[in-house]
Amino acid sequence: MGGEPFLQTRGAGAYAYGPDGRRYLDYLMAYGPLLLGHAHPALSTGLDALAARGMVFGSTAPDEVRLAERIRGHLPSMERIRFASTGSEAVMSAIRVARAFSGRDAILKFAGNYHGHFDLALLDAGASAHTRSARHSGIPPAVTGDLIVARFNDLGTVDAALDSAAGRLAAIVVEPVVGNMGLVLPVAGFLQGLQQRARACGALLIFDEIITWLRLGLGGAQELLGVRPDLTTVGKILGGGAPLAAFGGRADVMAVLAPDGPCFTGGTHAGNPFGVALALRTLDWLEAHPEAYRAMELRAQRLAAGIRVELARLALDYAVVQLASIVDFKFRPGPPTRDYGDAMRADARAFAAYYHGMRERGVLLAPSQNEVMFLSTEHGDADIEATIMAIGATLDGLRRQGTV
């Protein structure tokens, strides 16, 4: 983006605060985890009592088992579950399990999807990775030999890959709804096609729901879209702001894990009791307030509609995409993004100017055109109206500068 990075000293509800005390409307929301906003009372009160029990055990705690059972209640595909600390660890572990179960090495992923910062995940990744050259990004060439990158929403590229790699494919890993090259929805039949192809060649289908679980509802993208994967990874919102993630899936697949099987994953902080306690509080609140999802969606729809009005006023043919509490548009004329090629054709210079213009007007966005706007339960109607006004004023400024 250029310029000075944003420094944040605290957060409250829908707002982030800088070192000078200035308040910003926050649509970064820590890249998605803060569904309940900053420092929600349901999560931030009584923390001394949680810490007094101990910050890390090294042993399984009853709350950990209880949380796993509750996750399985919402995501029945996760018949067995292991906890991790981060989304990167969860996806890396799910891939290892898939390889151990299948006895194969190759992994098929999609350009513009983001699955963490481990070697296999980074090539052609979305978010802020921009990893085009493995050698210059610290990724050994041997890693890429077992990686196949296809085009999202294009089963033809999947079929072309399977023509040569079906016999050695361990898994297909995908964001069912992509949140890392903008907000990109799967076209009809795409995810079902992946499931059919994985089954046909004896590979597993892994859904990366690090962003989408709880953001799209208690059943995640898999319930919304009606596709049951073999393995799933979850995180971000799960920990309510604390580092916590999980992976899981079919019982027979997860049986390869140690101590019963030969495949090891682990971590000192996996299933951390403090993070687990916050995860239980997060589920308690969301289960008790199902109406919150509809309220967030209505505000997201209002924001998307307002952005469309401002774009139309300036004759800018940019598609605005909205799903649940996520809103996105790109500085690229034409229909909504379908794949990474579309995303990369967006005007990065215009977005950088837009980012700084919005920040000057007190609205904090993610500093990457591949990211999206996340709403929380704490964003109110007045916040939405203020945001639309800031967008209009910023776009007017860019037009005067000749940027758009």
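The values are calculated or read from the model by the stated rules, or taken from the named source; none is laboratory data. Note that the structure is predicted; figures quoted are calculated from it, not measured. Cβ atoms come from the backbone with ideal geometry, glycine included; neighbour counts cover every protein chain shown. Surface areas here come from the heavy atoms of the whole protein model, side chains and all, with no ligands, DNA or RNA. Shrake-Rupley method; radii C 1.70, N 1.55, O 1.52, S 1.80 Å.
Exactly one of (1) among the hydrophobic types (A, V, I, L, M, F, W, C); (2) open to solvent by 20 Å² or more (accessible area, probe 1.4 Å); (3) over 22 Å from HIS356 (Cα atoms); (4) modelled with pLDDT of 95 or more is unmet by LEU36. Its number? So the condition that LEU36 fails would be (2).
Evaluated against (1) within 23 Å of the chain's Cα centre (by Cα); (2) open to solvent by 20 Å² or more (accessible area, probe 1.4 Å); (3) within 30 Å of GLU385 (Cα to Cα), TYR27 falls short on exactly one condition, (2). Taking the range 155-197 as the range and being closer than 12 Å to LYS109 by Cα and of a type in the set (Asp, Glu) as the test, only GLU175 passes. Listed by first and then second residue, the pairs with beta-carbon distance under 9 Å, at least 6 apart or on different chains, first residue in the range 253-280 and closer than 16 Å to GLY58 by Cβ and among the hydroxyl-bearing types (Ser, Thr, Tyr), second open to solvent by less than 30 Å² (accessible area, probe 1.4 Å) and in a loop (DSSP other than H, G, I, E, B), are THR265/ALA258; THR268/SER85. Regarding VAL227, is this residue more than 17 Å from PRO76 (Cβ to Cβ) and either surrounded by fewer than 18 Cβ atoms within 10 Å (Cβ to Cβ) or at pLDDT 95 or above (or both)? For VAL227, the condition - more than 17 Å from PRO76 (Cβ to Cβ) and either surrounded by fewer than 18 Cβ atoms within 10 Å (Cβ to Cβ) or at pLDDT 95 or above (or both) - is not met. Against the conditions (1) over 22 Å from MET1 (Cβ atoms); (2) open to solvent by 20 Å² or more (accessible area, probe 1.4 Å); (3) of a type in the set (Ser, Thr, Tyr), TYR318 satisfies every one except (1). The condition (being more than 23 Å from the chain's Cα centre (by Cα), touching a residue at least 12 places away in the same chain (Cβ under 8 Å) and at positive phi) is satisfied by just one residue among GLY392, GLY357, GLY362, GLY397: GLY362.
Okay, residues lined up against (1) surrounded by 16 or more Cβ atoms within 10 Å (Cβ to Cβ); (2) free of Cβ contacts under 8 Å to residues at least 60 places away in the same chain; (3) of a type in the set (Phe, Trp, Tyr); (4) in contact with a helix residue (DSSP H, G or I) (Cβ under 8 Å, 6 or more places away or on another chain):
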| site | (1), (2), (3), (4) |
| --- | --- |
| GLU79 | no, no, no, yes |
| PRO141 | no, yes, no, yes |
| VAL149 | yes, yes, no, no |
| SER164 | no, yes, no, no |
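Just to check your reading of the model, which residue among ALA288, ALA279, ALA258, ALA270 is open to solvent by less than 40 Å² (accessible area, probe 1.4 Å), closer than 23 Å to LEU67 by Cβ and over 22 Å from the mean Cα position of the chain (by Cα)?
Every option except ALA258 fails the conditions.
Inside the range 360-380, residues that are outside any strand (DSSP E or B) and closer than 21 Å to ARG302 by Cα make up a count of 12.
For the range 192-206, indicate whether the set of residues that are surrounded by 21 or more Cβ atoms within 10 Å (Cβ to Cβ), within 20 Å of GLU371 (Cβ to Cβ) and of a type outside the set (Gly, Ala, Ser) is non-empty. So far as the range 192-206 goes, no, none of its residues is surrounded by 21 or more Cβ atoms within 10 Å (Cβ to Cβ), within 20 Å of GLU371 (Cβ to Cβ) and of a type outside the set (Gly, Ala, Ser).
Here is a check on your reading of the model: is LEU185 modelled with pLDDT of 95 or more, aliphatic (A, V, I, L, M) and open to solvent by less than 10 Å² (accessible area, probe 1.4 Å)? So LEU185 fails the test.
Of the candidates GLY235, GLY248, GLY239, the single residue that is modelled with pLDDT under 95, under 16 Å from GLU69 (Cα atoms) and open to solvent by less than 40 Å² (accessible area, probe 1.4 Å) is GLY239.
Among the residues that make up the range 358-375, is at least one of them closer than 22 Å to HIS38 by Cβ, buried (at least 21 other Cβ atoms within 10 Å of the Cβ), out of contact with any His (no Cβ under 7 Å at 6 or more places or on another chain) and among the acidic types (Asp, Glu)? Yes - at least one qualifying residue is present in the range 358-375. Scanning the range 59-87 for residues that are in a loop (DSSP other than H, G, I, E, B) and under 15 Å from GLY240 (Cβ atoms), we see that the one that is nearest to the chain's Cα centre (by Cα) is THR86. Looking only at residues in the range 321-345 that are among the charged types (D, E, K, R) and open to solvent by less than 20 Å² (accessible area, probe 1.4 Å), which one is farthest from ARG215 (Cα to Cα)? Applying the filter and picking the extreme gives LYS330.
Out of the range 316-350, which residues are under 19 Å from the mean Cα position of the chain (by Cα), assigned to a loop (DSSP other than H, G, I, E, B) and of a type in the set (Lys, Arg)? The answer is ARG338, and nothing else.
If you check LEU205, LEU191 for being free of Cβ contacts under 8 Å to residues at least 40 places away in the same chain, more than 30 Å from VAL56 (Cβ to Cβ), assigned to a strand (DSSP E or B) and not hydroxyl-bearing (Ser, Thr, Tyr), only one passes: LEU205.
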